[in-house]
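First up is the structure itself, then whatever we jot down about it.
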Amino acid sequence: IGSALLARGLGPERPVAILSDNGVDHGLLQLGALHVGVPVAPISPAYSLLSKDHAQLRYLLKLTRPGLIYAVDGVRFAAALAAAAPTGVEIVVSGPPPGDRAVTAFAALLAAPPSPAVAARFREVGPETVAKILFTSGSTGKPKGVENTQRMLVSNQQAIAQGWPFLEERPPVIVDWLPWSHTFGGNHNFNMILRNGGTLYIDGGKPAPGLLETTLRNLREVPSTLHFNVPRGYDLLIPWLERDGALRETFFRDLDAIFYAAAALPQNLWEKLERLAIAATGRRVAMLAAWGSTETAPCATQVHFRIERAGVIGLPVPGTEIKLAPLASAAGKLELRVKGPNVTPGYWKQPELNREIFDEEGFLKMGDAGRLADPEDPAAGILFDGRLGENFKLTSGSWVHVGELRTELVAAGAPIVQDLVVTGQDRSEVGILVFPNPAGCRALCPLAESPEDTPLAELIRRPEVRDALSAALAVHNAANPASSRRVTRALLLAEPPSIDAGEITDKGYINQHAVLARRAALVERLYGEGDDPEILLPPG
């Protein structure tokens with residue numbers, strides 16, 4: 001593959017763009033490109049397959065300027081290729097061609113004759129060689145192409161292995177859906193298997209309607225030693241673990257640890273996972289977490305000790321320094337800043353952004369807040385304290401710390417709430433826009449006529465759902481009387497978050513700013529005068 005890429009003139013300025021889901025050919029193409037110093041840019045397939053206008057994909061390909069584009073299936077990706085692929089760029093597919101465009105079969109890359117240029121280019125690959133262009137999720141704005149160097153990738157895996165020596169004692173086995181277009185699945189998990197001689201079963205499912213069943217079938221067949229997921233994934237998986245004994249037995253049989261990242265894990269999910277582990281094996285399973293970003297390849301901190309509740313993100317991984325920097329604009333919060341061999345040199349083709357991301361001591365400004373779990377004992381770890389850019393002030397001058405409040409409200413609103421957005425900037429009271437969990441809402445309506453067939457728009461109007469959410473918010477408010485934490489109004493939304501509008505990433509992370517901007521009329525309605533029957537006003 002490396003020989004084929006060099007024969008096409010690909011190199012540091014002519015990368016490979018990959019549009020597809022995880023797969024064997026996808027993985028081989030990445031490794032072939034890395035071997036000869038050709039940057040590879042895996043782009044979330046959601047921009048190709050879920051988007052209707054492909055505007056985001058056009059933007060990303062224009063920024064990347066690839067010399068070759070790969071899609072596993074020309075038919076499935078035909079609309080995306082027609083809408084966004086630049087004219088004259090070679091298209092490579094593993095499956096059927098798109099029909100109206102000349103493409104190259106992936107087999108042609110495998111059939112390329114060996115070239116002396118491969119060894120020569122491999123010798124030129126060094127620590128500062130750009131290995132990948134990984135795009136940020138867009139949860140805080142437009143995706144940016146983060147340069148991931150060889151140094152970042154290998155130093156991160158060495159640091160992870162030093163923190164988790166069990167990886168070398170028993171090579172990991174994972175069943176993993178996390179997309180290789182993101183740093184969690186593509187760097188942390190994929191590279192961990194390579195570094196430690198493990199086994200990766202590619203899960204074609206994901207935590208989404210119609211695809212979760214594939215994940216469940218895979219998890220019934222393959223016992224893992226580690227399970228990686230995002231909080232939303234655990235939220236959907238736990239009900240199945242509770243009622244399916246065979247799934248529960250296989251899932252926990254060989255499990256060394258459960259790992260979560262990408263967002264805060266609500267405490268109620270943590271406790272359910274511990275109860276399930278004890279029911280299946282008679283013992284608690286180790287709960288692990290880490291923190292970082294696409295810019296840190298991804299680990300900057302890692303939990304390598306037993307923790308008793310969600311929120312602790314561990315300690316700096318070997319070789320990495322963490323600074324907790326006070327900010328005048330952050331209401332006493334401390335920004336987490338990172339320096340180390342795992343930190344990006346900057347953004348692809350956007351040098352103007354690089355001047356903004358490092359402080360005067362060379363630390364990367366992460367935009368996340370943190371604090372010591374125990375100020376008297378730094379070894380107890382760091383607590384994640386929310387995203388600074390999401391926080392806002394009420395008209396009283398009180399700061400609303402969105403990340404912490406959101407996590408608590410999602411837990412309090414189970415099983416109705418799947419996710420939510422906190423409102424109230426420049427207003428006197430906190431409100432929420434709620435994305436409901438359809439299964440949770442249906443479970444509360446057993447007496448409804450055909451609850452499985454009832455549209456979500458009708459379910460969220462049913463008194464069983466509204467009364468349960470109102471009661472949950474009342475309990476939360478009783479424990480949180482301060483104006484910056486008390487929720488005075490809520491609106492359940494029938495329309496799910498839109499990936500085209502940037503409201504949600506394909507990992508399920510909600511973009512607070514995008515939702516508030518797109519649904520500004522609903523925010524106005526939430527705080528409007530008069531009696532609106534859709535607005536939920538918790539007691540008190």
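Quick rundown of the values:
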read-out: Most to least accessible of 366, 152 (protein chains only, probe 1.4 Å); value: 366, 152
read-out: Beta bridges by DSSP in the chain, antiparallel share as percent, to the nearest 5; value: 55 percent
read-out: Accessible-area ranking of 182, 304, largest first, probe 1.4 Å; value: 304, 182
read-out: Amide proton proximity set for residue 418, modelled H, under 5 Å, gap of 5+; value: 435, 437
read-out: Residue among 187, 433, 222 farthest towards the positive dipole end of the chain, charges placed on Cβ; value: 187
read-out: Theoretical gain in end-to-end length, residue 254 to residue 158 [0.36 nm per residue, Cα-Cα removed]; value: 32.2 nm
read-out: Nearest 10 degrees, 0 to 90: helix 55-64 Cα axis against the chain principal axis; value: 40 degrees
read-out: Heavy atoms of residue 387: accessible area, 1.4 Å probe, square angstrom to 10; value: 50 Å²
read-out: Mean separation of Cα contacts under 8 Å (6+ apart) over length of the chain, as relative contact order %; value: 10 percent
read-out: Ordering of 499-505, 274-280 by burial proxy (mean other Cβ atoms within 10 Å per residue, highest first); value: 499-505, 274-280
read-out: With Cα atoms, 0 to 90° folded angle of helix 150-163 axis to the chain main axis; value: 60 degrees
read-out: Burial ranking of peptide ranges 250-256, 339-345 (average Cβ count within 10 Å, highest at the top); value: 339-345, 250-256
read-out: Cα long-axis angle, helix 267-281 against the chain (0 to 90 degrees, to the nearest 10); value: 70 degrees
read-out: Computed E for residue 100/residue 120 - FRET, C-beta separation, R0 41 angstrom, nearest 0.05; value: 0.60
read-out: Relative contact order, percent, the stretch 272-404 [alpha-carbon distance under 8 Å, six or more residues apart]; value: 17 percent
read-out: Low-density loop positions, GluC sites (Glu not before Pro), the stretch 52-129 - DSSP coil, at most 16 other Cβ in 10 Å; value: 128
read-out: FRET efficiency estimate (nearest 0.05) - Cβ-Cβ, residue 82 to residue 383, R0 45 angstrom; value: 0.40
read-out: Distant-in-sequence amide H partners of residue 498 (H built 1.01 Å from N, under 5 Å); value: 503, 504
read-out: Chain lengthening between residue 28 and residue 244 when straightened (0.36 nm per residue, less Cα-Cα); value: 74.2 nm
read-out: Whole-Hz couplings from phi, Karplus 6.51/-1.76/1.60, listed for the stretch 204-218; x for Gly and Pro; value: x, x, 5, x, 8, x, x, 10, 4, 4, 5, 4, 4, 4, 5
read-out: With all protein chains modelled, accessible area of residue 153 [1.4 Å, Å²]; value: 10 Å²
read-out: ³J(HN,Hα), Karplus 6.51/-1.76/1.60, whole Hz, each residue of the stretch 413-421, x for Gly, Pro; value: x, 4, x, 6, 8, 8, 7, 7, 10
read-out: Residues whose placed amide H lies under 5 Å from that of residue 317, excluding near-sequence neighbours; value: 301, 302
read-out: Signed unit charges on C-beta, dipole axis of the stretch 1-133, positive-most listed residue 110, 94, 68; value: 68
read-out: Partners for residue 132 among lysines (Cα-Cα distance below 23 Å; same-chain residues under 8 apart left out); value: 62, 142, 144, 339, 349, 365, 507
read-out: HN-Hα J in Hz across the stretch 176-183 - Karplus 6.51, -1.76, 1.60, θ = phi - 60°, x for Gly and Pro; value: 9, 9, 4, x, 6, 7, 10, 5
read-out: In Å², nearest 10: area of residue 260 left accessible to a 1.4 Å probe; value: 10 Å²
read-out: Projected label distance in nm at residue 53 and residue 321, using a 7 Å step from Cα toward the beta-carbon; value: 4.5 nm
read-out: Positive dipole terminus of the chain, leading residue within 257, 157, 49 (C-beta point charges); value: 157
read-out: Accessible-area ranking of 199, 104, largest first, probe 1.4 Å; value: 199, 104
read-out: Relative contact order of the stretch 365-468, defined on C-alpha pairs under 8 angstrom at six or more residues apart (%); value: 16 percent
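The values are calculated or read from the model by the stated rules, or taken from the named source; none is laboratory data. Fair warning: this is a prediction, and the values are worked out from it, not measured in the lab. Cβ sites come from the backbone with ideal geometry, for glycine too, and all protein chains shown count toward neighbours. These area figures cover heavy atoms from the full protein model, side chains too; ligands, DNA and RNA do not enter into them. Shrake-Rupley method; radii C 1.70, N 1.55, O 1.52, S 1.80 Å.
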